[in-house]
Every structure is written in structure tokens, then in C-alpha cells.
1. Give the span of segment 45-201's Cα atoms along each principal axis, as three whole-Å numbers ordered largest to smallest.
2. Can you give me the Rg/Rh ratio for segment 144-187, using Cα atoms for both radii and the Kirkwood formula for Rh?
3. At each listed q (0.15 Å⁻¹), what is the log10 of I(q)/I(0) that the Debye formula gives for segment 77-131 modelled as equal alpha-carbon point scatterers?
4. Protein chains only, probe 1.4 Å: how do Phe374, Phe17 rank by accessible area, largest first?
5. Solvent-accessible area of Lys283, probe 1.4 Å, all protein chains present, reported in Å² to the nearest ten, please.
6. With 10 Å bins from zero, work out the P(r) of segment 366-405 over every alpha carbon pair and list the percent per bin.
7. Note the listed values (1) 156; (2) 269; (3) 180, then indicate which one is volume of the Cα convex hull per residue in Å³ calculated from this particular structure.
8. For segment 247-339, what class follows from the C-alpha gyration tensor (a ≥ b ≥ c being the square roots of its eigenvalues): rounded when a/c is under 1.5, otherwise prolate if a/b is larger than b/c, else oblate?
Amino acid sequence: MDSMLHVEELRQLMQSFIDERLAAKLEKLDPDDPKYQDLQLQYQFENWVEDAARRVGQLQVVSHTLKAIHPDAKGTSLFAPPELLAAHPWVGSHLLEENYATDVVGNAAALDVYKFLKLEYQGKTLLVRAQEQDAALLAALNDDALKAQEWLDAFASITDNKGKVSSSTRAKQIYWLTGDDPTQNDHFHLLSPLYPSSLVHRVYQHIQRDRFSEEAKAARQARRDNKASETGYADYPNLAVQKLGGTKPQNISQLNSERGGNNYLLCSLPPVWRSREQRPPLKADSVFPRFVRQQQSRWLLATLRDFLLSNPPANVRTRTRVDAYIDALIDEMVLFSAHFQQLEPCWSADPDCQLVEAEQLWLDPMRAEQDEDFAARRMAGEWVKEVQHRFANQVNKALGKLPVGDGEHSEWMSRVNKKLNALREVLDD
């Protein structure tokens, strides 16, 4: 009984969609117009669905598009679900959650077929049901099982690559050396980067919400009125807009059309450096407490702590992400130390300097040119291990207690130590 109800409701959902499109077309015609009768015949359920199953071959559901690179490029766009993409620590399509927007490329005149497949019934689109070979949808399409199966398979194929994978002379292309001889053409692999349409759409939606939502407007008004606000807001200085498709954004892709052709470009200008006069770290026994209070260090440590507290799975993706945070922290530490290393030599000889000797040897390298004993202790290199140890202790202290067992804790420490071993060459320079 329930299965029959699902079939009837699915049939009614599809019929309502077809009827609405027919009504919109008949609205401008006189009943005596010959086109009026033709349209009624064309929009009968079986006729329209059969035609849609034919026209769906003119469309492809994708996540990465080619025409956004160049509107006249003729080549392959790809459907690459986020869960199938390789993990890496940078922002990319692999970070999109399950509920992400797919794009559509192909004949813009057939986009009504995609809208049809986006109809939802009990939380699933018709496209998902077609790909799952849903029995209720199969029965709702046609009483003829063979014909219904043919239509279902046609709709499910909308995510398949059309034809042979190819690039275009109008696409951006990179020749990547994979062999040993750069004079040989066959030692190169041709890369053709595609436009990450699903990711771009998510960024666009996020920025639109931050700029124009009622919550954001209220928060900005609260600031102008010097009042408290329950929500914060985000600004995007020097935001640029790239228009794709001109007056016909649908010729690029469906999502581009939904954005009116607007694609946001975040400002990538280098920051204007404003540094306060750097003073020697006097009357302190270590610089590491100051290091972890730096804005970028604080953010990295907080983000790493939140990630570890989420109890991530013990896999390559997790290890890669943790390694990236540690690498970034080490980079920040190198930048942090450079400020002290460029101070007037011998500042660590000041009576008010209370730094442990290892940190003096690390942060005042030019003192070795004037102090032979200092130079000899620095050359011995024992201080490097001490700096590594103090850095590791400070990172662990900043992370606080994490809800992990002995095994996970040992794995975490071994990865930290592995990364810190790479620091020796930097410290020795």
C-alpha cells in the first residue's frame, strides 16, 4: 500500500511540474491558435517525459566546468564529487559537504529537464532516485517496464562524461614534466585546470549572506549605533566581480546563470606591513609564551585544537591536515624569530636579558661574531634540541588536554617530533 502511495505521489509531482510549464506557455496563446493544441499534445505526460529523456543527453551535471575558463572552449567538463577528491590542507572542492550545488552545462534550451530532475520527494531529488534505480520512480514513469527503465537510465546518465575526455586550445593548459628529458614531448603530461563551479557557488552564497542578509545588516547597524549585536558580520575589502557570459550567463552554466554571471574574486594584494619597533625580549625567561599569543599563532593553535577535539578518524586525510598545521606553526616561529635576529648584535648580553641560554643562542646569532665563547656554544649545536623541546612543550600547553587515549597521544607526539626534526636545518642556518 505504501509503495503504491509513493508511486502516485511521485507521478503527481511530475505531472504538476509539466502542467505548470504548459500553463505558462498557453497563457499567451488564444485557444483557437493551432499552437495551442500542439502544445497540449506535446505536454501530455508520456510525450513530455519521453522527449525529456531524449533531450537529457544534451546536458551534463558537473562540478568543474570548462566554459567558465573561456566561453568558446569546446572540451570536457567533469563531475567530481567532493568525497572522491584527494584531501589536502588548502581550501578546495574536497571540503564541500554533502549538500553542495551541482552545475549543469550543455544546451541551455534543455535546462527544463534538469529542473525536472531537481524535483524533490521525501528529501531526495528525482535525479538521485534515478541513480539509485528507485522502484517507485520507475513505476511512476510508465506502466511499460522496458520503456520506464529506458527513461530512468537516460536521466541517471546526466552525470556521465559525454564522449572522449578532451581539452581545448582556448582552455588554460599546463605542460607538466613527468619524465626525465624536457626536450622530449612525450615526457610531458598536459594538465587542463577546470573552473571549480560548485566551490565558487558556495563562496558566492557565503559572501552574499555576509553582505546582504538581514542578520548582517542588523549587526552593521548595531555597530553604527554603538550597540551590542547577537551576531557578528564580515566585510570583504577590495572585492572584485568577474562577469561570465555577458548577456547570456546561461551559456556558461546553470549556476553561473543563477548568479547572474557574477563571480566574486577576493582581494589578493600583499598586505601593507605595519610593524611596531621591535625590542629585545628582556626580563623574560622565554619568548615562546609571547609567540603563542601572536594573532596567527593563536588562530593556528585554536583551529588545530578544535580539529583534534572533533575526534577525527585516524587516516591519511587527518595526518595531512595535522602536518599542515604544524608546518604553518613552524613557519610562524621562523618569522617571529627573524625579528629578534635582526636586532643590534649582542642584545642578549644585556644584564636584563633573562632568556635561557638556548634561546639566546637562537635569537642573537650575530653576537657570535663578537663573542668567541658564545660562538663556540652556538657552533656546538646542543641548543637546537632544547629549542625544539621548548617549542613542543609550548604547543602542547597551548592545545590543552585532548580527549585521546595513550595510543592517539603517542601518534600525535611522534608526528610533532617528526616535524620538529625538520627544524634543525632552519635553526642551524
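The values are calculated or read from the model by the stated rules, or taken from the named source; none is laboratory data. It should be emphasised that the depicted structure is a prediction, and the values quoted were computed from it without experimental measurement. Heads up, the Cβs are rebuilt from the backbone with ideal geometry, glycines too, and the neighbour counts pull from every protein chain shown. Each accessible area value is taken on the protein alone, full model and side chains, heavy atoms only, with ligands, DNA and RNA left out. Shrake-Rupley method; radii C 1.70, N 1.55, O 1.52, S 1.80 Å.
1. 63, 31, 26
2. Numbers: Rg = 20.1 Å, Rh = 14.7 Å.
Expressed as Rg/Rh, it is 1.37.
3. -0.57
4. Details: Phe374 0, Phe17 25 Å².
Per-residue accessible area, sorted high to low, gives Phe17, Phe374.
5. Surface accessible to solvent at Lys283 totals approximately 140 Å².
6. Result returned by the calculation: 26, 30, 23, 15, 7.
7. Looking at volume of the Cα convex hull per residue in Å³ for this model, the match is (2).
8. Values: a/c = 3.94, a/b = 1.69, b/c = 2.33.
Since a/c reaches 1.5 but b/c is at least a/b, the shape of segment 247-339 is classed as oblate.
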